[in-house]
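Novice: Dropping the structure in here first, questions after.
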Amino acid sequence: MDGDTRGRGARVMDGLGRPPRRLLVLGGGAAALALLADHGLRLDLPRPPAPAPTRRPAPDEKLLLGAVAELDRVVRAEGEVLAASADDALVRRVRTVSRDQLRVLRGRLTNSGVPTSVIEGAVAATRASSPVRTRSALASLLAEPAAGQWSALTTATEGARALLAAAYSERLAAAVLLGHPVDTVTAPSPARPAVVARTQPLVYAFEVVAAQSSGSQRRRAEETLAELSRLDLAVSGTGSTTPPGWALPFPVTTAADARRLATEVLRSAVDGAVAAAGAVPTARSLEDVARWSANVQALAVDWDIPLTAFPGASA
């Protein structure tokens, strides 16, 4: 026991009989840590990350994402048809309009703060669809827009509803031009009286256009008149009559006057389709008006009134 008389349990002292300063510091720190631990602070875990901010969905986001995804599919189908027949001017024109629709609807989403990744995710869901390579298949695709979406449109904000209803009517018009008939809704909707009120003036106006035209313009007017008469019968169930209280917007005594009348009444009908559905439309009203408008738009093309992305709606 002559070696280390203090033993393992002896306290270490400095020359003045006090514990060394280093041990006092360490001891004080340990006491502080013990105190913090006693108050619930965990010292063995990293600080948790801040919670990720939650993005609030934009107005009409789900509806617009679905429309963008479907439009992307349509544009790809139109491109596939053109790859097989590059000189198809009608399909090329229809694709231009579809691209305009896609650009506007994408912009509406991004301007509302929807991330590009969310948009691309919605689009990717349609990329596995079967290819469309013929005019007939493209027409069939265009003729079935908004499958199950007419009801969804009734819950959309007014601007989105008008925009999409107009876009769907243009797609139906493109289907008509490509040879796929688009029939009117069999059961009249609440918008049917407004549709009839817009059809009868067209029939009467083209009776005048045909009477005041000659040559190729007369033949074209008679063909348009025949189609409008069929449309009038489909929506009203009766033969055409001159609408009460309706007069020509200007005197028509020459072929030039007749051509002007033809373009003005057709353009007015196309532009007024959105309003025909009413301020609070039902799903049947939206589809009824869109199908009627599609047939009018297709006839208007023969009078040099081209298809537009959102007929009658402000993009």
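The values are calculated or read from the model by the stated rules, or taken from the named source; none is laboratory data. Keep in mind that what you see is a predicted model, and the values were worked out from it rather than measured. Backbone-built Cβ (ideal geometry, glycine too); neighbour counts: all protein chains shown. Ligands, DNA and RNA are stripped out before the accessible areas are found, and what is left, the full protein with its side chains, is counted by its heavy atoms. Shrake-Rupley method; radii C 1.70, N 1.55, O 1.52, S 1.80 Å.
Novice: Would you pick out the residues in region 147-166 that are assigned to a loop (DSSP other than H, G, I, E, B) and either among the small types (Gly, Ala, Ser) or more than 14 Å from residue 288 (Cα to Cα) (or both)?
Specialist: At the first step, the residues of region 147-166 found to be assigned to a loop (DSSP other than H, G, I, E, B) are 147-149, 155-157.
Those that are assigned to a loop (DSSP other than H, G, I, E, B) and either among the small types (Gly, Ala, Ser) or more than 14 Å from residue 288 (Cα to Cα) (or both): 147, 148, 155, 156, 157.
Novice: Looking at residue 133, is it assigned to a loop (DSSP other than H, G, I, E, B) and under 13 Å from residue 69 (Cβ atoms)?
Specialist: Here the answer is no, as residue 133 does not meet what is asked.
Novice: Related question: Within region 96-128, which residues are among the small types (Gly, Ala, Ser), surrounded by fewer than 20 Cβ atoms within 10 Å (Cβ to Cβ) and part of a helix (DSSP H, G or I)? First the steps, then the outcome.
Specialist: Going residue by residue through region 96-128, those that are among the small types (Gly, Ala, Ser) are 98, 107, 112-113, 117, 121-122, 124-125, 128.
Next cut, surrounded by fewer than 20 Cβ atoms within 10 Å (Cβ to Cβ) only: 107, 112-113, 117, 121, 124-125, 128.
Of everything in region 96-128, those that are among the small types (Gly, Ala, Ser), surrounded by fewer than 20 Cβ atoms within 10 Å (Cβ to Cβ) and part of a helix (DSSP H, G or I) turn out to be 107, 117, 121, 124.
Novice: List the number of the failed condition for residue 189; all other conditions in (1) surrounded by fewer than 18 Cβ atoms within 10 Å (Cβ to Cβ); (2) assigned to a loop (DSSP other than H, G, I, E, B) hold.
Specialist: Failed condition: (1).
Novice: Taking the options 77, 83, 50, name whichever one is loosely packed, with under 14 Cβ neighbours inside 10 Å, within 52 Å of the chain's Cα centre (by Cα) and modelled with pLDDT of 95 or more. Outline the logic, then answer.
Specialist: Numbers: 77 fails: loosely packed, with under 14 Cβ neighbours inside 10 Å; 50 fails: modelled with pLDDT of 95 or more.
The match here is 83.
Novice: Of all the residues that make up region 298-315, how many are farther than 20 Å from residue 217 by Cβ and either among the hydrophobic types (A, V, I, L, M, F, W, C) or open to solvent by less than 10 Å² (accessible area, probe 1.4 Å) (or both)?
Specialist: Number satisfying all stated conditions: 6.
Novice: Are there any helices (runs of 4 or more DSSP H) wholly within region 205-315 with 3 or more residues that are farther than 29 Å from residue 98 by Cα, and if so which? Full working, then the answer.
Specialist: Details: elements: 215-236, 255-271, 273-276, 283-301.
Answer list for region 205-315: 215-236, 255-271.
Novice: Quick one: what pairs do we get from region 40-61, first residue under 30 Å from residue 106 (Cα atoms), second hydroxyl-bearing (Ser, Thr, Tyr) and at pLDDT 70 or above, C-beta under 6 Å, 6+ apart or different chains?
Specialist: Note: pairs meeting the criteria are 58/112; 59/157; 60/157.
Novice: Among residues belonging to region 218-268 that are touching a Gly at 6+ places or on another chain (Cβ under 9 Å) and within 30 Å of residue 183 (Cβ to Cβ), point out the one that is most open to solvent (accessible area, probe 1.4 Å).
Specialist: Residue satisfying both the conditions and the ranking: 233.
Novice: Given the structure, is residue 273 of a type in the set (A, V, I, L, M) and farther than 15 Å from residue 221 by Cβ? Don't jump to the end; show me each part of the working.
Specialist: Numbers: of a type in the set (A, V, I, L, M): yes; farther than 15 Å from residue 221 by Cβ: yes.
Yes: the conditions hold for residue 273.
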